[in-house]
1. Those residues that are in a strand (DSSP E or B) and either without any contact (Cβ under 8 Å) to a residue 24 or more places away in the chain or more than 20 Å from B:Gln304 (Cβ to Cβ) (or both), I need them from the stretch B:172-208; list them, please.
2. Tally up the residues in the stretch A:85-109 that are of a type in the set (D, E, K, R) and under 16 Å from A:Phe27 (Cα atoms), please.
3. Need the failing condition index for A:Phe102 against (1) outside any strand (DSSP E or B); (2) surrounded by 24 or more Cβ atoms within 10 Å (Cβ to Cβ); (3) not β-branched (Val, Ile, Thr), just the number.
4. Which ones in the stretch A:291-307 are surrounded by fewer than 24 Cβ atoms within 10 Å (Cβ to Cβ), on the phi < 0 side of the Ramachandran plot and in contact with a Ser or Thr (Cβ under 7 Å, 6 or more places away or on another chain)?
5. Considering each residue of the stretch A:630-670, count those that are among the small types (Gly, Ala, Ser) and closer than 21 Å to A:Arg592 by Cβ, and give that number.
6. Determine which single condition A:His437 fails, assuming it passes every other condition in (1) within 20 Å of A:Ala317 (Cβ to Cβ); (2) away from every other protein chain (no Cβ under 14 Å).
7. Can you name the number of the only condition in (1) touching a strand residue (DSSP E or B) at 6+ places or on another chain (Cβ under 6 Å); (2) more than 14 Å from every other protein chain (Cβ to nearest Cβ) that A:Val567 fails?
8. Go through the stretch A:54-90 and count every residue that is farther than 16 Å from B:Ser468 by Cβ and either free of Cβ contacts under 8 Å to residues at least 40 places away in the same chain or not polar (S, T, N, Q) (or both).
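The values are calculated or read from the model by the stated rules, or taken from the named source; none is laboratory data. Since we're looking at a predicted model, the values are computed, not measured. Every residue, glycine as well, gets a Cβ built from its backbone with ideal geometry; the counts of neighbours run over all protein chains shown.
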Number of protein chains: 2
Amino acid sequence: MTNKFSFGAPVFTGAVVEKFSLCKSEFPVGKIESEWPFTWNYNLEKTDIVFGLGESVRGMNKRGFKYVSWCLDCPNQSENTPSMYGAHNFLLVFGKNPFGIFFDTASRIEFDIGWTDQDVMTVKTEDTGVEVYVIFPSDNAKNVLTDITRQFRALIGQSYIPPRWAFGYQQSRWGYKTEADVREVVRKYRELNIPLDSVVLDIDYMTDYMDFTVDKEKFSDLKGLSAELKKDGMHLIPIIDAGVKVKEGYDVYEEGVKNGYFATKEDGTPYAAGVWPGRSHFTDFFNPQAREWFGSKYKILTDQGIEGFWNDMNEPAMFYSDDSLKEAFDKLESYKGKNLDIQTFFEFTPISGSTFNQLEDYKRFYHRVPGSSNPDEKIRHDKIHNLYGAWMTRAAGEGLEKISPDKRMLIYSRASAIGAHRYGGIWTGDNASTWSHLLQEIKMLPGVNMCGFLYSGADIGGFGDSTSRDLLMRWLALGDFTPLMRNHSAWNTRLQECYSFKNPEEFKSIIDLRYALLPYIYSEFVKAAVNGDSYIRPLAFDYPNDRRAVCTEDELMVGSDILLAPVYTQNAEGRYVYLPEDMTMVTWSDSRAEQKPMSAGDHFVEIPLETVVFFVKKGRAVPLFKSALSSEQIDMNSAYLVGDAKSCELYTDDGYSRKINLNEGMREIK
Amino acid sequence: MTNKFSFGAPVFTGAVVEKFSLCKSEFPVGKIESEWPFTWNYNLEKTDIVFGLGESVRGMNKRGFKYVSWCLDCPNQSENTPSMYGAHNFLLVFGKNPFGIFFDTASRIEFDIGWTDQDVMTVKTEDTGVEVYVIFPSDNAKNVLTDITRQFRALIGQSYIPPRWAFGYQQSRWGYKTEADVREVVRKYRELNIPLDSVVLDIDYMTDYMDFTVDKEKFSDLKGLSAELKKDGMHLIPIIDAGVKVKEGYDVYEEGVKNGYFATKEDGTPYAAGVWPGRSHFTDFFNPQAREWFGSKYKILTDQGIEGFWNDMNEPAMFYSDDSLKEAFDKLESYKGKNLDIQTFFEFTPISGSTFNQLEDYKRFYHRVPGSSNPDEKIRHDKIHNLYGAWMTRAAGEGLEKISPDKRMLIYSRASAIGAHRYGGIWTGDNASTWSHLLQEIKMLPGVNMCGFLYSGADIGGFGDSTSRDLLMRWLALGDFTPLMRNHSAWNTRLQECYSFKNPEEFKSIIDLRYALLPYIYSEFVKAAVNGDSYIRPLAFDYPNDRRAVCTEDELMVGSDILLAPVYTQNAEGRYVYLPEDMTMVTWSDSRAEQKPMSAGDHFVEIPLETVVFFVKKGRAVPLFKSALSSEQIDMNSAYLVGDAKSCELYTDDGYSRKINLNEGMREIK
């Protein structure tokens, strides 16, 4: 049962697809301390667990920190980073009186979940309005967490389903500059028989980082390259950035200016800020014509055979604006020649870094009001900041649907808000090559899934800093199970392709498992999307009455049948695993599976570096196929089962179609 | 058996106290790839473990990362931080052929421990000479790790032993600005009956951050305050910084300049760089007269009743130099008015932060050659960088020994190198309020202990960022067992004194355990120092033949009898504990202990937030005393034993004396 409330003057966000009238009765949980600005308090019982918040740091249980939804480019994130790339304002309070609560708002909102006071949760906005949906379990709910999640997902609409090939392994690096670089990646993977479905293109493929251009010097024939790779079951996935370079003669820039498609300053002229191409304008995705226009531009690349994209820098990230840069220089000037003591020096040092993603800059430009039919009504960016990336994804999603009405295309984004989950997936943004970010992904994915972003994953091996071989291997072992499986790294780091390390056959084995599982993963993903379930979720969803399971933060339920306990500690030879019931342990090594029964309870399981271990629930089976070099080359008749059941049902289709009918596509494997 | 080798032209470091002639035979382990610059390779077996490296990030097993010994102010350390505040170049390779290896060098040295190649360890210097000591186990060694460690510690001399009160709880904050602030801290602790031995004074007590001054406006009567606190068993611990403010009329500055006690530029004039007081000079601790002079200055404060100090900023940290600041401004100037694109912007942003701790600055000044009798012989700072803080500690240690020849004084330092362990302790530098830094401490302390720094601990609750209540409680539970138990935080963070949170009686209980254990901790500490053992060590030392124990990275052996398994995960209700043998589990809650026998093997142990758990080894006992408000008020006849033995021996003395004779001080408790 869902109750809707409204506080202040909420802006249309597009997150919700079900219509609800406002609830007239009292707010049913906690206490509204203030309606405007909005403040809600809720007293937490000692054993209450707060799930949710999607892309955010710390535990599956969000208690003990102060989070702020404010889409932010935050590559140096740590457990003390309050804001990440996405804004996912859904919480699931699990305790004596479980409920879900969704704060549907376009701007900044703060979640103090037992930080100021361990036993109090406080949710606050500054000056934005908010629609609040409180979801209680259905009367006859067998499982309250699943039930609440399904109700929430019905509220926000079905999750995006990418084409099947998007579940293949993707190799990326900020540093593939030419056709030759791409060919080398493909050649080396193929030489070593390591499966590969996609090569991802970062900003270097463009001319001067201009969206929807291809540098002809470096990629003389993208269409030819694309066709050549496709023959071997491979795809290219180019990047599209939010900022459009200010440059005379550049058609996208000129069309945007001519038609008023860019966000504007108060005086109505286009707003400029510096990103990769230098000064850039930002498409006003809240203007339906602008959105359609930007979405239609993807055709420039689909015409060259491209079927997948990633949208980046769409928080939007801003390195500087004309104003913030001038202010920085003026301040620096004033310090010149001074003897900088403690006070003045610490004013000085942050200045040149201070132009990044400034709130002041976000207050300097305006958009069409989302959902408004009045083209002259404007709203300041900061009031709808958290929607910007989401609506860029919407532009791409709607655009690609028009360009290709029958066939699904791949799209994933950095910035996001609930609502965008219907149009694309996300990766969890720039991270670093650290074991703590590997663990962070384990704890983050269940929340991301709850919020509808089923197609998701972190940059495997870590984006910033240099990985070590063992970190990459352990991360790939987790990546075997995440819908988006992308190895990505930054330009100034150690090469991170599997062939850059010794004994690449050990990498091959790990990636082979992905392909052995791929039809199952695809099937479970589609089922979760259609049913409003989480493809990845905390153990609490499956074992809500087992307190040990409920508090387990380093194991995951994957699909309907798998329990995963990834290794996330350097030099570990194994790890503890808690099994809430008897299960089958599957050990994958040297591209082969072995299985053995395991009893419920605590185990220390040895998991050598080159090995991947997962567990199949009691009474279930998971099909493993013969691995192949690409997803489309998997022999669908090669399956054998692991687990203690005799058969399983798998959803299969052409891997592309936009129409999903599970019943039609179900196939039994024995 | 210790073999000594010499490569290049090593500078005297003062680390080693035993005389060895150079070994004429071939280097006995691995391969010297190059003598100058020095490069040594060693092939690691898959199961080899590399312990050591003292204050450094990552695991107890150092494999899988590239570390650089280069004393550095690194408050934002993560697992990818190669250099920390100390330079501790001792490794203990544990495998089929165990050995210890100490690289005695004054400057930068790099340890690639299975990072570039998982199975190869490479140790390199750039242009510094190095004396290398290779230590093999004695023929009849019962325990090779203990044996090698004892040989190493005999080589470098006995560890510093602080006065007994230094094992009491210390409350610190960058932000106690006045006598009134200190009195408030004391009053609130005493009101709540939470034990407290010391209040630590950060830079605010000085006049304009000038060493050996006391701001009379804020501390009108330090001597009186000190005497007043001492009556109640409490001490003040003021900070001393490395930099001496350049200021006419300031006696320390003027004496230093007059006598040539400061490090100089190439032209012989004192070198200046900016730290807290603005432009400052740096005492040349390698000049014996300068060292003695600086050491004697502590008397200004001991005359006011001070008996403990912390030396800070002695890497030395430098915010900027005259040169680096000018360069930064010149570069900034050149970017003015430009359209900063990707290249130029990323040159621009780091500039104003680029003046911190620049290598170029460390090449701009000179010292007396350490150990040289020739006052005119100079050496450039970068060649002996890693000794600077160590020799500042030496200055303080030698100075305080002269000032107070019979009584031990407390001294701990931020920067350090092996050798300084004879003169003082260390805290592990500026950290942050994160669970990962709590875990980092668990993994770091065994290495720090191996290298001789027995008196050590991290800033409990975390220095930078704001703590949460639960983090502070879990960290205090670990701090109960670290010789230095200091709660410290930065000025712009949430208040972190125990009384700043709700239910302070739960904090009292945790700190009461420290005082219940204090006589035991003191006894075990002194024994470890005298015997050349590690007070805190990996389980491998006690259970070398148990692979599970050897690979356990989140449990510690403390003293002779305790196994510790701290909780380091937010919202955890317990944790896994591996016990290599049957033990007694002691559960401390509500200021009382309960015990129960536990069998060897794996356990999931419930450990509620307000509870501290530790384990006593089979056949051993640990005495718990009645807690008291300060260390000197502990009733030494109030002990009862936990564990399965009937008695234990405890070392007791006056808590101050410099002469240590264990046999004289031993006392049996039944």
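1. Step one: list which residues in the stretch B:172-208 are in a strand (DSSP E or B), which gives B:172-173, B:198-201.
B:Arg173 - this is the single residue of the stretch B:172-208 that is in a strand (DSSP E or B) and either without any contact (Cβ under 8 Å) to a residue 24 or more places away in the chain or more than 20 Å from B:Gln304 (Cβ to Cβ) (or both).
2. 1
3. Going through the list (1) outside any strand (DSSP E or B); (2) surrounded by 24 or more Cβ atoms within 10 Å (Cβ to Cβ); (3) not β-branched (Val, Ile, Thr), A:Phe102 breaks only (1).
4. Listed by number, the residues that qualify are A:Thr302, A:Gln304, A:Ile306.
5. Going through the stretch A:630-670, the residues among the small types (Gly, Ala, Ser) turn out to be A:630-631, A:638-639, A:643, A:645, A:647, A:655, A:657, A:665.
Among the residues that remain, those that are also closer than 21 Å to A:Arg592 by Cβ are: A:630-631, A:638-639, A:643, A:645.
Total meeting the criteria: 6.
6. (2) is the only condition that A:His437 fails.
7. (2)
8. Summing the residues that are farther than 16 Å from B:Ser468 by Cβ and either free of Cβ contacts under 8 Å to residues at least 40 places away in the same chain or not polar (S, T, N, Q) (or both) in the stretch A:54-90 gives 16.
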